[in-house]
Amino acid sequence: MARKVTMGFEPETVTVRIRDILPLRQVTEAVRKSRKYRQIEASIRKAGIAHPPTVARHATMKGSYLLLDGHIRIAVLKELDVAEAVCLVSLDDEAFTYNRQVNRLATVQEHRMILKVIERGVSERAIAETLDVDIASIRAKRNLLRGICAEAVEMLKDKHCPINTIQALRRLKPTRQVEVVDLMVRIDNFAASYARALVAATPPEQLVDAGRPTVLKGVSPDELARIRKEVEKLREGIDRVEATYGPDHLNLVIAAGHVRSLLGNEAIDRHLSKHRPEMHREFARICEAAALVPEAAE
Amino acid sequence: MTDNTGDSAVIEMIPVDRIRILNPRVRDRNKFLQIVDSIGKVGLKQPIKVRRARGPDGEEAYDLVYGQGRLEACMQLGQTEIPAIVTDLSEADSLLLSLVENVARRQRRPAEMLREFGALRERGYTVAEIARKTGFSPKHVRGVLRLLDAGEERLLAAVETGRMPLRVATEIAAADDGQVQQMLTEAFENKDLTLRQVVDARRLVERRRRHGKTGRSSNGEGARVPVSTAAALRLLKNEAARYRREFKKAELVSAQLRFIVEAFRVLLADEHFVTLLRAERVETIPAALARLIEQPGDA
């Protein structure tokens, strides 16, 4: 049998008076004003604390606890005038590993989760109130994947991608959806404006609603047509650059470095310039250029 | 559901094979391995939460409320039981709680997490103690502290998100612009970095040079976000033009590389030249170049 994993906490949670808990850091004004803070506050008001804060017994001050994880939760409880909280007692006083083991939910995963909660009979309104968002946003999340093809969903399933971006894809036919998502993944940019630009740069025959002309403020139809042509070539360009530039560039740095060191040897330099003058000239040129080769990414 | 303080609870050891995951999530393989490694080294730091249910066989079973990562990591480590906070919520309530747990929490930025090393040091712990507490090697802890002290937030974020090995990050922090290029090349040669990581690293070094050491990381959130569609469209056009220029450069690079490789094939077939190389004790050719020379056909 495998070695038993040690447990880093006491086998029982304890109820601790909030004033006996010493935070490791302050919850700043900026954090208090943030959307997340209000959301956590609403969820605690509606549903209580999902996850007990983690504390460690103070090494010297008996009865006091160091707060390792859950600074916002404790701040909210204080604001709500709650006197005590159920806490997990850690056997160590480091806060590092608690935070590492948090995984952010990808957009598509959140959608699936909301669907499941609704399926089990929780109303959209109850979800909206618990998460402090308006009901329209829960509906938008629920209907997130309507009109999105399975292949595009598969490519997006673990991406943290704005809802508006996914909604913009609905105007595209499935094959084009896949192309656009592929491009966003490669450029690592999921901004909604970017998705909308890619929709605008899509030829009408690849739109679901081909009859509806794309009108953009500040971009003339001629300019749009030109951009369309450029963008057509973008994917191809990325493919070609990725395939050749990277490995060749690194190899050239190594090869040119070697040539440079050979030319630095007087006897070899003399030999080459005498017996192979053309090669010698070209070597010198490459060495000079290689020293100046720009970075792959601007 | 519950009152604001939550219920004081005994943490029970429950069999992992009686736990049902209602909301399976896909996860990042690297992050998963990090969790497995961390739990294996410093132990499990948090119990999972489950709700009491009945299995199809009528026996006691559990639905997972949160902690899928820890559960799977413990199973990976061969554990048959896992500590869990057990609740008696309804299925609907536990699903809602699970949603709350996943959505209503603040996501800390990567560099913030590594700052915890600094926080531990401020509380008076030595490098060795921090290493033991967190399950990292003293060398790793020292490297992170050095980046922290130098204010290298971009590099720290790249390390935390697994985009760059710590060793490479500390070397970049210490190198000047010219050395960085050479260093990345060597790291690629020694297989410390993959090609994609080299490209990523170059981009990061460039941003760091232009915009300073602090600022948002390159994990996508910090990427340029144009406001209007028209602005984004122009960005796209520039991107296309940029790739066209890049491709021209790429063609030049390929041509030069091919020239050097061809030239060496000729030179190495020339006895006089080879003798000269030996006499000057410079006959060793870098491995990457040697491979290209030996390859049949084009470079």
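The values are calculated or read from the model by the stated rules, or taken from the named source; none is laboratory data. The structure presented is a predicted model; accordingly, all values stated were derived computationally and were not measured. FYI the Cβ positions are ideal-geometry reconstructions off the backbone, even for glycines, and counts take in every protein chain you see. To get the accessible areas, we keep the full protein, side chains included, count just its heavy atoms, and leave off ligands, DNA and RNA. Shrake-Rupley method; radii C 1.70, N 1.55, O 1.52, S 1.80 Å.
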### Task
Name every residue in region B:43-77 that is facing chain A (nearest Cβ under 7 Å) and open to solvent by 30 Å² or more (accessible area, probe 1.4 Å), in order of residue number.
B:77
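Report yes if residue B:207 is assigned to a helix (DSSP H, G or I) and open to solvent by less than 40 Å² (accessible area, probe 1.4 Å), otherwise no. Explain how you work it out, then say what you get.
Numbers: assigned to a helix (DSSP H, G or I): yes; open to solvent by less than 40 Å² (accessible area, probe 1.4 Å): no.
The answer is no for residue B:207.
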### Message
Against the condition modelled with pLDDT of 90 or more, surrounded by 13 or more Cβ atoms within 10 Å (Cβ to Cβ) and among the basic types (Lys, Arg), how does residue B:258 come out, does it pass?
### Response
yes
### Query
Which of the residues spanning region B:247-266 are closer than 14 Å to residue A:258 by Cα, touching a Lys or Arg at 6+ places or on another chain (Cβ under 9 Å) and not polar (S, T, N, Q)?
B:263
### Task
Could you please find all residues in region B:14-42 being farther than 17 Å from residue B:90 by Cα and touching a strand residue (DSSP E or B) at 6+ places or on another chain (Cβ under 6 Å)?
B:14, B:15, B:16, B:18
### Query
Can we say residue A:141 is assigned to a helix (DSSP H, G or I), at the interface with another protein chain (Cβ under 7 Å from one of its Cβ atoms) and open to solvent by 20 Å² or more (accessible area, probe 1.4 Å)?
no
### Query
When you go through A:73, A:45, A:35 one by one, which is the residue that is of a type in the set (D, E, K, R) and touching a Pro at 6+ places or on another chain (Cβ under 9 Å)?
A:73
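Surrounded by 15 or more Cβ atoms within 10 Å (Cβ to Cβ) and away from chain A (no Cβ under 14 Å): is that true of residue B:86 in this structure?
Details: surrounded by 15 or more Cβ atoms within 10 Å (Cβ to Cβ): yes; away from chain A (no Cβ under 14 Å): no.
Against the criterion (surrounded by 15 or more Cβ atoms within 10 Å (Cβ to Cβ) and away from chain A (no Cβ under 14 Å)), residue B:86 does not qualify.
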#### Entry: Residue that is crowded, with 18+ Cβ neighbours inside 10 Å, at the interface with chain B (Cβ under 9 Å from one of its Cβ atoms) and touching a Lys or Arg at 6+ places or on another chain (Cβ under 7 Å), where the choices are A:129, A:94
A:94
### Message
Go through (1) at pLDDT below 85; (2) open to solvent by 40 Å² or more (accessible area, probe 1.4 Å) for residue A:6 and report which single condition fails.
### Response
(1)
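Regarding residue A:226, is this residue basic (Lys, Arg), open to solvent by 10 Å² or more (accessible area, probe 1.4 Å), touching a residue at least 12 places away in the same chain (Cβ under 8 Å) and assigned to a helix (DSSP H, G or I)? Give the steps one after another, and end with the answer.
Details: basic (Lys, Arg): yes; open to solvent by 10 Å² or more (accessible area, probe 1.4 Å): yes; touching a residue at least 12 places away in the same chain (Cβ under 8 Å): no; assigned to a helix (DSSP H, G or I): yes.
Judged against the criteria, residue A:226 is not a match.
Taking region A:49-67 as the search range and keeping residues that are of a type in the set (A, V, I, L, M, F, W, C) and in contact with an Asp or Glu (Cβ under 7 Å, 6 or more places away or on another chain), which one is nearest to the other protein chains (Cβ to nearest Cβ)?
Once the filter is applied, the top-ranked residue is A:50.
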### Message
Considering only residues that are away from chain B (no Cβ under 13 Å) and modelled with pLDDT under 80, which ones fall in region A:178-220?
### Response
A:210, A:211, A:212, A:213
#### Entry: Search result, residues across region A:41-86 that are closer than 26 Å to residue A:6 by Cα, touching a Ser or Thr at 6+ places or on another chain (Cβ under 6 Å) and of a type in the set (A, V, I, L, M, F, W, C)
A:56, A:68, A:85, A:86
### Summary
Across region A:13-41, the tally of residues that are within 8 Å of chain B (Cβ to nearest Cβ), at pLDDT 90 or above and farther than 22 Å from residue B:102 by Cα stands at 2
### Query
Given (1) at pLDDT below 75; (2) within 8 Å of chain A (Cβ to nearest Cβ); (3) over 30 Å from residue A:196 (Cα atoms), where does residue B:243 come up short, assuming only one miss?
(3)
### Query
Among the residues of region B:102-122, which ones are modelled with pLDDT under 85 and either within 19 Å of residue A:8 (Cβ to Cβ) or among the charged types (D, E, K, R) (or both)?
B:105, B:106, B:108, B:109, B:112, B:113, B:115, B:116
### Task
For residues that are acidic (Asp, Glu) and open to solvent by less than 70 Å² (accessible area, probe 1.4 Å), scanning just region B:229-255, find the one that is nearest to residue A:249 (Cα to Cα).
B:246
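Considering only region A:72-90, state which residues are more than 24 Å from residue B:68 (Cβ to Cβ) and touching a residue at least 24 places away in the same chain (Cβ under 8 Å). It would help to see each step written out before you state the result.
Initial filter on region A:72-90 (more than 24 Å from residue B:68 (Cβ to Cβ)): A:74-85.
Answer for region A:72-90, where residues must be more than 24 Å from residue B:68 (Cβ to Cβ) and touching a residue at least 24 places away in the same chain (Cβ under 8 Å): A:74, A:75, A:76, A:77, A:78, A:79, A:80, A:82, A:83, A:84, A:85.
A quick yes/no check of all residues on (1) of a type in the set (Asp, Glu); (2) touching a residue at least 60 places away in the same chain (Cβ under 8 Å):
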site	(1), (2)
B:75	no, no
B:81	yes, yes
B:84	no, yes
B:89	no, yes
B:95	no, yes
B:99	no, no
B:103	no, no
B:106	no, no
B:113	no, no
### Message
For the list (1) open to solvent by 50 Å² or more (accessible area, probe 1.4 Å); (2) under 16 Å from the mean Cα position of the chain (by Cα), I need the number of the one condition that residue B:106 fails.
### Response
(2)
### Query
If you go through region B:123-176, how many residues are free of Cβ contacts under 8 Å to residues at least 24 places away in the same chain, surrounded by 15 or more Cβ atoms within 10 Å (Cβ to Cβ) and away from every other protein chain (no Cβ under 13 Å)?
4
### Message
Looking at residue A:105 and the list (1) surrounded by fewer than 23 Cβ atoms within 10 Å (Cβ to Cβ); (2) modelled with pLDDT of 90 or more, which single condition is not satisfied?
### Response
(2)
